[in-house]
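Throughout, read-outs are computed from the coordinates displayed, never taken from laboratory work. Note that the structure is predicted; figures quoted are calculated from it, not measured. Backbone-built Cβ (ideal geometry, glycine too); neighbour counts: all protein chains shown.
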Amino acid sequence: RKEVEQDPGPFNVPEGATVAFNCTYSNSASQSFFWYRQDCRKEPKLLMSVYSSGNEDGRFTAQLNRASQYISLLIRDSKLSDSATYLCVVKVNNNDMRFGAGTRLTVKP
Amino acid sequence: EAQVTQNPRYLITVTGKKLTVTCSQNMNHEYMSWYRQDPGLGLRQIYYSMNVEVTDKGDVPEGYKVSRKEKRNFPLILESPSPNQTSLYFCASSLFKGSGSGNTIYFGEGSWLTVV
């Protein structure tokens, strides 16, 4: 079993749709959680951290469920510019960050 | 501007010909790391460094070497490249202290390496 698992997609949604991705992790001692965004052939960039109480940044909402060991990312009112691959990242300890393989999202007009 | 710079960005080389991919960061980060990204496998860590002269193996270190003689530089060395090392490589740096903004990983733009 992979340490961080994501549905690879692709998720193809129309503009304006709401879409959600989940990510599961295997190490119950994991400390911190993040979503990164990666555009095609580009480097990953931090989208948002995920806090225990859940957090929102504009159209993006991230949630953490420690009991079930998963995190989620919800995107409301999808824009064409949201098309990218979304990487789930789990910090296990101070020198160990684990990446999911990513979920590809395509938003269509 | 905060930057991680890696070179070359694109390289085609032949099996067995030693090559070095350079990486430099201007944020005074202690932590630096190399990843390779392959389709369906995501980012896999090759080597990392917690500080100058401190390096350690990641998940896929075979066939690679690194050095950390200065804080800002962390070159990746392929002594004898093979076709299975054809991949997209990312250098990254981070403060990696505690939670919050200290965890942000800054990536270089990536190096596309093809070994024929």
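A few comments on the model shown:
- When chain B is reduced to its Cα atoms, the Kirkwood hydrodynamic radius in Å: 14.2 Å
- Remark on residue A:101: its backbone amide H falls under 5 Å from those of A:6, a criterion applied only to residues 5 or more positions apart or on other chains, H modelled at 1.01 Å from N.
- Selection of trypsin sites (Lys or Arg not before Pro), region A:1-38, meeting DSSP coil and at most 16 other Cβ within 10 Å: A:1, A:2
- Trypsin sites (Lys or Arg not before Pro) within region B:41-70: DSSP coil, no more than 15 neighbouring Cβ in 10 Å: B:69
- Percent of Cα pairs exceeding the 22 Å cut-off, where the set is chain A: 26 percent
- For chain B, built as a Gaussian network whose Cα springs stay under 10 Å, the top-fluctuating residue of B:76, B:41, B:11: B:41
- Counting only residues at least eight positions apart within a chain, or on another chain, the lysines with an alpha carbon under 17 Å from that of residue A:108 are A:79.
- In this rough spin-label picture, where each label sits 7 Å from Cα along the Cβ direction, the residue B:2-residue A:74 distance is 2.8 nm.
- Choice from A:59, A:41, A:76 showing the highest fluctuation, given a GNM over chain A with Cα pairs closer than 10 Å: A:41
- Extended-chain gain in nm, criterion 0.36 nm per residue less alpha-carbon gap, residue B:88 and residue B:52: 10.4 nm
- Region B:1-45 and region A:41-69: distance between their alpha carbon centers, rounded to Å: 26 Å
- Which listed pairs, of A:91/B:17; A:2/B:57; A:42/A:91; A:91/B:69, have C-alpha distances above 30 Å, in listed order: A:91/B:17
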